[in-house]
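Taken together, the values in this text are just the output of simple stated rules run on the coordinates, not laboratory data. Since the model is a prediction, treat every value here as computed from it, not as a measurement. Counting neighbours? That spans all protein chains shown, and the Cβs are built from the backbone with ideal geometry, glycine included.
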Amino acid sequence: MKPTLSQIVSESSRLVFFGGAGVSTESGIPDFRSEDGLYRMKYDVPPEVILSSDYFFSHTEEFYRFYRDKMLPLWAEPNAAHKKLAELEAEGKHIDIVTQNIDGLHQKAGSKRVFELHGSIHRNHCLRCGALYDATYIAQSKGIPRCSCGGLIKPDVVLYGEPLDGETVEGALDAISSADTVIVAGTSLTVYPAAGFLNAFRGRHLVLINRDATPIDGRCELVLHGKVGEILSAL
Ligand code: NAD
C-alpha cells in the first residue's frame, strides 16, 4: 500500500520542499501560467519579455512600471503552506525549502533554511555603489529608482537571460541530493534550470502536490492534485 503524506513526512529525516508560484496563490499572489495567471493577461509586451535582463536595461522605466504594479505584493501574508513548513522546521524537522518564488513568504512565516533560486524582491542594490535597498523603497519610488549616489537600482531577482546565483544553486543541489524525501509543490516545472534540479534527487520518496498535472507526475511515489495549503495543513 502507498504511504500517506503524513507517514512520509514523519519518517523523513532530510526533507526538501521544492516549490513554485502555486505555493503563494493562496496568499493572493497570482502565478504565471494558471487561468488567472500573469501570462494569460493581455499586455502590449509579454511579461516574459518585460522580466528579462535585456528589457530591464533597454526599457528601465517600463520595466519598473510593470514590476511595481505586478511583482511587489508587499501586502501578502504567509498562507497555510508556508506556516506548516515553518512549524515543521521549528519542531526540529530537517527541512530545506528550495523555492522559485521571490516573494519572501517562507521567511515571513519563520522558515530559516530557504534557497531562493530566483532571488528576492526584498533585496535590491545599486549597480554603481552596491548600496542595498528594501522592497518598500522600490514600491514607493517613482519612474526609475535611483540610489543616493545617482546609480540605477536593480532588484536581486533573476531575470530571464541571467544566471542563477552560484552559492544558492550549490546549496539547493546539495540539499536535494542528500534528501530522503522531496515534496514538489505548486510549480508547472517548465522554468529551467530550476526544474532540472530534481534530477539530483537520489532519495526514497518523491511527492507531488499540484493543482494541475506536471511532467513528473509519472515519476512520483505519491501525487496529490489539490491546493498545497489545504493539503499541507491537514498534516
Ligand atoms: P507557474 O505559474 O508556471 O505554475 C504554477 C503551478 O502551480 C501550476 O501548475 C498550477 O496548477 C499550480 N498551482 C497554482 N495554485 C496552486 C495551489 N494553490 N496549490 C497547488 N498548485 C497550485 O509557476 P512556476 O512553475 O513557479 O514558474 C513561474 C516562475 O515565476 C517562477 O520562476 C517564479 O520565480 C516566478 N513567480 C513567482 C511568484 C512569487 O514569488 N509568488 C509569482 C509568480 C511567478
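Extending 7 Å from the Cα toward the beta-carbon at both residue 139 and residue 62 defines two label points whose distance is 2.6 nm. Dividing the helix sum by the residues of the chain, where each DSSP H run of 4 or more adds -39500 (n - 2.57), gives a mean residue ellipticity at 222 nm of -7500 deg cm²/dmol.
For residue 125 and residue 35, what does the FRET efficiency come to when R0 = 41 Å and r is the distance between their Cβ atoms, rounded to the nearest 0.05? Can you show the working numbers first?
On the way: r = 35 Å, r/R0 = 0.86.
It comes to 0.70.
For residue 235 and residue 77, the difference between the fully extended length at 0.36 nm per residue and the C-alpha to C-alpha distance is 54.8 nm. Available extension along the chain between residue 211 and residue 112 is 33.0 nm, counting 0.36 nm per residue and deducting the alpha carbon span.
The C-alpha atoms of the chain define a longest principal axis, and helix 166-177 lies at about 10 degrees to it.
With N as its number of residues, the stretch 52-127 has a Cα radius of gyration that, divided by 2.2 N^0.38 Å, comes to 1.32. Using C-alpha pairs under 8 Å with a sequence gap of at least 6, the mean separation divided by the residue count of the chain gives a relative contact order of 25 percent. Quick one: check the C-alpha center-to-center distance for the stretch 1-36 versus the stretch 79-144, whole angstrom. Using only Cα atoms to place each centre, the spacing works out to 17 Å.
When every Cα-Cα distance of the stretch 106-170 is counted in 5 angstrom steps from zero, the calculated P(r) takes the values 4, 17, 22, 23, 18, 12, 5, 0 percent.
Expressed to the nearest 5 percent, the antiparallel share of DSSP beta bridges inside the stretch 156-235 is 0 percent. Summarised in one figure, the compactness ratio Rg/Rh of the stretch 1-120, Cα atoms and Kirkwood Rh, is 1.06. Evaluating 6.51 cos²θ - 1.76 cosθ + 1.60 at θ = phi - 60° for every residue in the stretch 90-97, the Karplus couplings come out as 5, 7, x, 6, 7, 9, 9, 9 Hz, glycine and proline recorded as x. Relative to the current alpha-carbon distance between residue 94 and residue 164, full extension at 0.36 nm per residue lengthens the span by 22.7 nm.
Taking the DSSP beta bridges with both ends in the chain, the antiparallel portion is around 25 percent. At q = 0.11, 0.17 Å⁻¹, what is the base-10 log of I(q)/I(0) for the chain according to the Debye formula with one equal point scatterer per Cα and no solvent? Please give it to two decimals. Result of the Debye calculation: -0.57, -1.27. When Rg and the Kirkwood Rh are both derived from Cα coordinates, the Rg/Rh ratio for the stretch 108-235 amounts to 1.06.
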